[in-house]
Amino acid sequence: MQELIEKGKAQVLAGFTGAPIRYADRWWRPDEGQWYALDEAGSALVDAHADRWRAAHAAVVPTTHSEPSPTPNATTDRAAEES
């Protein structure tokens, strides 16, 4: 999975140990050295939580045109680093 992340084909939700990874339209979770895909409902739930976090964060953190608000999503893990 690390190779897929480095190639930009998979994205980490956030910068904490055990964070889910988005790959092939699914969220994956680590367990004892293996990666397991969440089912469709589980992936949708993680997406919904990430969307709510982005909305809440945007409501309380001012943004500028030069630097967007950090978000925990499939494209960045800046939010965890800045927390």
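Read-outs throughout are calculated quantities, based only on the coordinates presented, and are distinct from any laboratory measurement. Only a predicted model underlies this, so the values are computations on that prediction, with no experimental measurement involved.
See the values below:
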| read-out | value |
| --- | --- |
| Overall dimensions of segment 1-61 by Cα: Rg and Dmax, Å | 12.5, 37 |
| Extension gain from Trp53 to Ala41, taking 0.36 nm per residue of separation minus the Cα-Cα distance | 2.5 nm |
